[in-house]
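No value in this document is a laboratory result; all are computed from the given coordinates. Because the structure is a prediction, the values reported are computed rather than measured. Please note: Cβ atoms are built from the backbone with ideal geometry, for glycine as well, and neighbour counts cover all protein chains shown.
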Amino acid sequence: MMDILKTKADMQAWSAAKKREGKTISFVPTMGYLHKGHVSLLEIGKPLSDELVLSIFVNPTQFGPNEDLDAYPSNIRNDLDLAQQAGVTAVFLPDKNEMYGPNYQTRVSLDHLPQYLCGRSRPVHFGGVATVVTKLFNIVMPDVAVFGKKDFQQLAIIRQMVKDLDFNIQIIGGEIIREEDGLAMSSRNAYLTPEQRTSAVCLSKAIRLLKQSVAKGIRSVPDLVREMEAFILSFEHTRIDYIELCNPRTLEPVETVQAETLVALAVQVGKSRLIDNALIEPT
Ligand code: AMP
């Protein structure tokens, strides 16, 4: 039996009733149009608690004015099928009026982590994410929440927020799930034409190239980035938003690869802004 709850009050009452029965709750927040990446997070959450809650909500406050809010893909029927197969016990499916009433005025913001990587080109994004995740945590009241490492900066921000605001919730990061050719799965891959889909593999291939160069002993970040840029621009329909190597804890840029380093990149391929990342260990 999978319950579908559309109001905050119903979701909170559902969770409160489970807690009174002594049940624990795992939670996977999403924007829907589920793929194997989302399912992998449900599979991580399932054995960790008695109940498994999925939320599907395309959060308007994390999209900038010229972003793809109105075009964001949706297939609720398929999402509910996948949720059922993954053993979800409740789906929280609010609409935007339910989440943000007419006089809504509170936002959660972080001082440092949102200033880097995607935060530079998406200045309102992480405030929107931190705010909606705070709301979802208060509505679902989970013991455990699972987020994908595909959105590395988002995961870092949620971990920081949970620590700073004393949420009693364990945060777990799930590995990036990829297509056979290496493209990180994303709902936004649905926008790609067949030609653009061929080019989209450039992100994961550029990361592989970087790893090879680091293994050969190249340590200069400007040199490594130049090589990745040239490689990505050799594919059609690509426009680089950023390629950065940074400290995986602070997200501050580094100039040389000395310790464990995060490589993160965002590339516009046709209408899709695609992201990918990996941790690099110099040997
Ligand atoms: P979204 O629906 O895109 O907001 O993503 C919901 C959750 O799924 C986030 O925690 C994402 O990081 C995670 N996610 C999205 N794509 C993947 C993927 N390819 N592998 C693992 N997790 C993912």
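Data table
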quantity	calculated
Percent RCO, i.e. relative contact order, over the chain, from Cα pairs under 8 Å lying at least 6 residues apart	18 percent
Of the GluC sites (Glu not before Pro) in the stretch 164-239, those whose Cβ has at most 12 other Cβ within 10 Å and which sit in DSSP loop	Glu175, Glu180, Glu236
Least to most buried among Lys211, Lys8 (fewest other Cβ within 10 Å first)	Lys211, Lys8
Alpha carbon convex hull of the chain, volume per residue in cubic angstrom	135 Å³
Nitroxide proxy distance, nm - points 7 Å out along Cα→Cβ at Thr193 and Asp81	2.9 nm
FRET E, pair Thr7, Asp70, Förster distance 25 Å, beta-carbon r, rounded to 0.05	0.55
Nearest-20 debye value, the stretch 83-191 charge dipole, Cβ charges on Lys, Arg, Asp, Glu	300 debye
Largest to smallest principal axis extent of the C-alpha atoms in the stretch 153-271, angstrom	46, 37, 23
222 nm mean residue ellipticity, helices alone, for the chain (DSSP H n ≥ 4; -39,500 (n - 2.57); rounded to 500)	-11000 deg cm²/dmol
Extension reserve of the Lys96-Lys163 stretch, reckoned as 0.36 nm per residue once the Cα distance is removed	21.4 nm
Radius, Kirkwood style, for the stretch 235-283 when every pair of distinct Cα atoms is counted (Å)	11.7 Å
Given charges at Cβ of Lys, Arg, Asp, Glu: the stretch 59-126 dipole, positive-most of Ser109, Gln85, Asn59	Ser109
Relative contact order %, the stretch 166-283, counting alpha carbon pairs below 8 Å whose residues are six or more apart	24 percent
Arg226 versus Tyr104: modelled label distance in nm, points set 7 Å from Cα along the beta carbon direction	4.7 nm
Bins of 10 Å from zero: percent of alpha-carbon pairs in the stretch 113-168	22, 58, 19, 1
Residues whose placed amide H lies under 5 Å from that of Gly174, excluding near-sequence neighbours	Phe147, Gly148, Lys149
Additional length obtainable on full extension of the chain from Ile172 to Glu260, 0.36 nm per residue less Cα span	29.7 nm
Förster radius 30 Å - calculated FRET efficiency between Thr283 and Thr250 (Cβ-Cβ, nearest 0.05)	0.85
Net dipole in debye of the chain [+1 Lys, Arg Cβ; -1 Asp, Glu Cβ; about Cα centre; nearest 20]	160 debye
Per-peptide average of other Cβ atoms within 10 Å, ordering 129-137, 18-26, 84-92 highest first	129-137, 84-92, 18-26
